[in-house]
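Read-outs throughout are calculated quantities, based only on the coordinates presented, and are distinct from any laboratory measurement. It should be emphasised that the depicted structure is a prediction, and the values quoted were computed from it without experimental measurement. In this analysis, Cβ positions are derived from the backbone assuming ideal geometry, glycine residues included, and neighbour counts consider all displayed protein chains.
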Amino acid sequence: MADRSGRLLEICVDSAEGLAAAIEGGADRIELCSALGVGGLTPPYGLTQYAQRISPIPVYPLIRPRAGNFVYDASNVAIMEADIAQARDLGLPGVVIGATTNDRKLDRRVLERLIETSKGLDITLHRAFDMVDDPVEALETAIELGISRILTSGGAKSVSLGIATIQRLAEQAAGRIAIMPGGGVSVELVPELLASSGLNEIHASGSASSNEEELLVEFGFAPQQRRRTSAQVVRALKTVLMES
């Protein structure tokens, strides 16, 4: 739920602990994933069901069946359709989808199928958008498809490098679709992002680094360092979002 200014903080999480920290920190919406280390994949059913049951804020599962590119064959599309149907059956309010073609355009055919399966749900286009060659054309395609928002780093590795493109996309969108900056969003960047007309939603991990137990690292069960959702970081993001 957006605050009185109409601004909204979405936090991506991939665990029950991350979900709890995001809620404690004051997030307005959750993007629920697994494997954030590869940009996020579809969360497991158990985590999705748990989030739907305990979260007081909207939860949108990411629909991404594998790591790598966003070019999907029939088997991948069938998996995504089943995952969307599962989200609907659980009563979740929205999903996060995306697909591209080999020639780096949005895959209208695949997206139309996923949107049809998502009927009645709110839809976010994920950062597959950042893989297209022509974001101007892709934005118009997303509008034609009836998508609610685009999550983007401006086609760059992070929002700090893509901020000029994000600003141009917000101007082009002109309120027809929400542009939601995401990818390396920090507390320090939020005021600059919100200075652009038409940007009211921010997407972040709200995470901080922590060292893993040495034995887990030694056995290969965990990386030496891991980023975890931090209620303190989420709270700082929410504070600057409301004050900017």
| said: Considering only C-alpha atoms, what is the centroid distance from segment 136-167 to segment 60-90, in Å? | reply: 21
| said: Only four residue types carry charge here, +1 at the Cβ of Lys and Arg and -1 at the Cβ of Asp and Glu. Report the dipole size of segment 121-209 about the Cα centre in Debye, rounded to the nearest 20. | reply: 200
| query | In a GNM of the chain with a 10 Å cut-off on Cα contacts, which of Leu145, Leu121, Leu193 has the highest mean-square fluctuation? | reply | Leu145
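Where in the chain lies the longest segment free of chymotrypsin sites (Phe, Trp or Tyr not before Pro) that are both loop residues by DSSP (not H, G, I, E, B) and have at most 12 other Cβ atoms within 10 Å?
After excluding every exposed loop site, the longest remaining stretch is 1-218.
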| field | Net +/- balance of residues flanking Pro43 in space, Cβ distance below 12 Å, scoring K and R +1, D and E -1 | value | -2
| request: Give me the number: length gained by fully extending Leu90 to Ala174, i.e. 0.36 nm times residue separation minus the C-alpha to C-alpha distance, one decimal in nm. | output: 26.9 nm
| task | Please identify, among Leu111, Leu90, Leu199, the residue showing maximal mean-square fluctuation in a Gaussian network model of the chain using a 10 angstrom Cα cutoff. | result | Leu90
| message | Can you find, among Leu139, Ala20, Gly198, the residue sitting farthest towards the positive end of the charge dipole of the chain, where Lys and Arg contribute +1 and Asp and Glu -1 at Cβ? | response | Gly198
| task | Take the Cβ-Cβ distance between Glu243 and Ala35 as r, set R0 to 35 Å, and report the resulting FRET efficiency rounded to the nearest 0.05. | result | 0.60
| Expected 222 nm ellipticity per residue - DSSP helices of 4 or more, -39500 (n - 2.57), all of the chain, to 500 | -11500 deg cm²/dmol
| remark: The set of residues whose placed amide H lies less than 5 Å from the amide H of Ile177, leaving out same-chain residues fewer than 5 positions away, is none
| the chain - charge dipole about Cα centre, Lys and Arg +1 at Cβ, Asp and Glu -1, debye rounded to 20 | 280
| For Glu144 and Ile79 in one chain, what is 0.36 nm times their gap in residues minus the Cα-Cα distance, to one decimal in nm? | 20.9 nm
| Within segment 171-244, GluC sites (Glu not before Pro) in DSSP loop having at most 10 other beta-carbon neighbours inside 10 Å | Glu188, Glu213
| field | trypsin sites (Lys or Arg not before Pro) restricted to DSSP loop in segment 131-212 with at most 12 other C-beta within 10 Å | value | Lys157, Arg176
| Top mean-square fluctuation among Ile79, Ile202, Ile163, Gaussian network model of the chain, C-alpha springs under 10 Å? | Ile79
| request: Taking only the C-alpha atoms, wrap a convex hull around segment 189-230 and report its volume per residue in Å³ as a whole number. | output: 77
